[in-house]
Amino acid sequence: MAVVDEQIGAGNCDAMQKDSGAISWADAFVYVHSQFSPLIRYHGGFVFTTVNIPQASTILAAKIIIYVRNYLQDSPNLEIYGNDVDSANNFAVEGDIFGRARTTASTSWITTNLPIGWNDSPDITGVVQELVDRPGWVANNDMGFLFIAWGIPAQQLEIEAFDTYPTQAAKLHIEYRVHYGFTNFQIPGVV
């Protein structure tokens, strides 16, 4: 088994976007707000650079680790998708979260009262597997994740951003096994 641990490494790699379109990637936090009204609904996005996993590896476990910074905004009500491209653009290059291509696989994260500090997302193995199974995926591509807020119930989550405390920016943890492409391998003289 191999392990990859990445952390957001630039301010343009974490962002939030209002449902109505305005995006911000130079803020103190990433705000995800589930709300019936699209005027005040926010989504979050994260791009982890140089994710060193070979194409078609088997993903054994995966999670995003966030730093919750506010006990009044500590309740995710969202769906986690991968950005369904070979290598995700940062938010300065592609200023969009809600409209990005999404993986078919997703993981719901619905809970209340996360503690301030580091918190693990639910398992996103299926999301990461779909990304590394793309024909154009190669090791060290950039991997993007979209935190898409639900409409109801209204809940808020405030995540520490790179721009305020780089050491508390979101992290990605993946455990995987590499496939070496041997099929129908036969040792000469052995039946």
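What is the one condition in (1) closer than 12 Å to Lys63 by Cα; (2) touching a His at 6+ places or on another chain (Cβ under 9 Å) that Thr125 does not satisfy?
Failed condition: (2).
So which residues in the stretch 107-128 are crowded, with 17+ Cβ neighbours inside 10 Å and of a type in the set (Val, Ile, Thr), if there are any at all?
Matches in the stretch 107-128: Thr107, Ile124, Thr125, Val127, Val128.
Which residue pairs have Cβ atoms closer than 7 Å, lie 6 or more positions apart in sequence or on different chains, and pair a first residue in the stretch 155-181 that is over 16 Å from Ile116 (Cβ atoms) and touching a residue at least 60 places away in the same chain (Cβ under 8 Å) with a second residue that is in a strand (DSSP E or B) and basic (Lys, Arg)?
Pairs that qualify, where the first residue is over 16 Å from Ile116 (Cβ atoms) and touching a residue at least 60 places away in the same chain (Cβ under 8 Å) and the partner is in a strand (DSSP E or B) and basic (Lys, Arg), are His173/Lys63.
Looking only at the stretch 127-145, count how many residues are without any contact (Cβ under 8 Å) to a residue 60 or more places away in the chain and within 12 Å of Ala105 (Cβ to Cβ).
Residues in the stretch 127-145 being without any contact (Cβ under 8 Å) to a residue 60 or more places away in the chain and within 12 Å of Ala105 (Cβ to Cβ): 2 in total.
Starting from residues that are out of contact with any Lys or Arg (no Cβ under 9 Å at 6 or more places or on another chain) and β-branched (Val, Ile, Thr), keep the ones in the stretch 68-90 and report whichever is surrounded by the fewest Cβ atoms within 10 Å (Cβ to Cβ).
Residue satisfying both the conditions and the ranking: Val68.
Could you check the stretch 9-47 and list, in sequence order, the residues that are surrounded by fewer than 23 Cβ atoms within 10 Å (Cβ to Cβ), in contact (Cβ under 8 Å) with a residue 24 or more places away in the chain and of a type in the set (A, V, I, L, M)?
Once the filter is applied, which keeps residues that are surrounded by fewer than 23 Cβ atoms within 10 Å (Cβ to Cβ), in contact (Cβ under 8 Å) with a residue 24 or more places away in the chain and of a type in the set (A, V, I, L, M), the stretch 9-47 yields Ala10, Ile23, Ala26, Ala28.
Matching residues to (1) among the hydroxyl-bearing types (Ser, Thr, Tyr); (2) modelled with pLDDT of 95 or more; (3) farther than 15 Å from His43 by Cβ:
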site	(1), (2), (3)
Asn70	no, no, yes
Asp74	no, no, yes
Asn83	no, yes, no
Asp86	no, yes, yes
Asn89	no, yes, yes
Thr104	yes, yes, yes
Asn113	no, no, yes
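Could you please find all residues in the stretch 1-29 being part of a loop (DSSP other than H, G, I, E, B) and among the polar types (S, T, N, Q)?
Correct list: Ser20 only.
Tally the residues that are touching a helix residue (DSSP H, G or I) at 6+ places or on another chain (Cβ under 7 Å) and either of a type in the set (A, V, I, L, M, F, W, C) or surrounded by fewer than 20 Cβ atoms within 10 Å (Cβ to Cβ) (or both), restricting the search to the stretch 91-106.
Number satisfying all stated conditions: 5.
Mind listing whichever residues of the stretch 30-53 are assigned to a loop (DSSP other than H, G, I, E, B) and either β-branched (Val, Ile, Thr) or farther than 25 Å from Gln155 by Cα (or both)?
Ile40, Asn52, Ile53
Scan (1) over 19 Å from Gly21 (Cα atoms); (2) surrounded by fewer than 20 Cβ atoms within 10 Å (Cβ to Cβ) for the single condition Leu131 breaks and write down its number.
All conditions pass for Leu131, except number (2).
The values are calculated or read from the model by the stated rules, or taken from the named source; none is laboratory data. Since the structure is predicted, the reported quantities are computational estimates derived from the model, not experimental observations. Glycine also receives a Cβ, built like all others from the backbone with ideal geometry; neighbour counts cover every protein chain displayed.
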